[in-house]
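Before any comments, here is the structure.
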Amino acid sequence: MFHLSRLLPMLPTLDLTGALDILLVAFVVYEALMVVRGTRAGHILIGILTMVSIYGIATWVGLEALRSLLSFIVPYIGLAIIVLFQSEIRRTLAKIGRKNWFGLARGFRAPEALSEILMAVEHFSASRTGALIVLERDIGLRTFVESGVRLESLISRDILLSIFQPGLPLHDGAVIIQKDRIASAACFLPLTTSPALSRQLGTRHRAAIGITEETDCLSLVVSEETGRISIATFGELTQGLSPADVVDRINRHFGVQRPGTAPVEEFAADIPLTPATPRKPASERIDI
């Protein structure tokens, strides 16, 4: 007790600033761990921490040979972290930058354009035509727009049907929509590398998920094998959606408070679905 009473005055006092500092550091560490959780980067991080720990133990115990060997590697760990974790760092910075601090969404908003998109998606689903449509939100997609064929056209059902017509040059790749215009077609998108995905998902679905892992956009994808309509947002794919579900998810993603589904029912009745592509009330969710 005597020794404890002598040590207590030496400890720094915890004031409000210190408590806030500790909470912020804990939050940063937590967010960093959440970024690499469930990915290959997590195992890489464990390996790096193990190597640093061995170096510290070798220095403390006095194992000069081991310390000398690791001394050539440890100084380059900082550079290795930047190279190995570049995708995770880019994704984290984009996540911070996409915060809607003032409640103003600058992305896709036009309801009349949504009707055109939904009519095209209904046709793709009925005819089992593969399609991938990306709706830009706050984070710009200029890099991916420039990878395709620039169109800069108004959003139209007929144009979308023409783009994804099988056999035509623009069929492969994604269509990127910026606000009320079709910015580009036949765009190349990054593929997700998540091990949690089903092996039955093809390149189109993996591209739809991959672009949403790096940005805050929304991806609409139609399977050419089953005709199922799916939506990907923030690295999560939801399959087997009805047109009404699609409208609701798009409106919620872009901050529309009271979505109107009446226009969807009007044009949905005019495009019959084939027996092979029944409308499903429930969705199948894949969490990444």
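Counting only residues that are assigned to a loop (DSSP other than H, G, I, E, B) and acidic (Asp, Glu), which one in the range 142-172 is surrounded by the fewest Cβ atoms within 10 Å (Cβ to Cβ)?
Looking at the filtered set, the residue picked out is Glu146.
So Gly227 passes all but one of these: (1) buried (at least 20 other Cβ atoms within 10 Å of the Cβ); (2) over 24 Å from Phe144 (Cα atoms). Which condition number does it fail?
(1)
Results for (1) outside the structural domain of Ile155 (by TED's automatic domain parsing); (2) in contact with a Phe, Trp or Tyr (Cβ under 6 Å, 6 or more places away or on another chain); (3) assigned to a loop (DSSP other than H, G, I, E, B); (4) modelled with pLDDT under 75, shown as yes or no for each residue.
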site	(1), (2), (3), (4)
Thr59	yes, no, no, no
Leu66	yes, no, no, no
Leu69	yes, no, no, no
Gly78	yes, no, no, no
Glu88	yes, no, no, yes
Leu93	yes, no, no, yes
Met119	no, yes, no, no
Arg137	no, no, yes, no
Gly140	no, no, yes, no
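How many of the residues in the range 112-125 are surrounded by fewer than 24 Cβ atoms within 10 Å (Cβ to Cβ) and in contact with a Gly (Cβ under 7 Å, 6 or more places away or on another chain)?
Within the range 112-125, residues that are surrounded by fewer than 24 Cβ atoms within 10 Å (Cβ to Cβ) and in contact with a Gly (Cβ under 7 Å, 6 or more places away or on another chain) number 0.
Return only the number of the condition from (1) surrounded by fewer than 21 Cβ atoms within 10 Å (Cβ to Cβ); (2) without any contact (Cβ under 8 Å) to a residue 60 or more places away in the chain that Ala183 does not satisfy.
(1)
So, in the range 152-173, of the ones that are in contact with a helix residue (DSSP H, G or I) (Cβ under 7 Å, 6 or more places away or on another chain) and aliphatic (A, V, I, L, M), which residue ends up farthest from Arg206 (Cα to Cα)?
The extreme case among them is Ile155.
The values are calculated or read from the model by the stated rules, or taken from the named source; none is laboratory data. On a predicted model such as this, the values are computed, not experimentally measured, just so you know. Because the Cβ atoms are built from the backbone with ideal geometry, glycine has one as well, and the counts that use them run over all protein chains shown.
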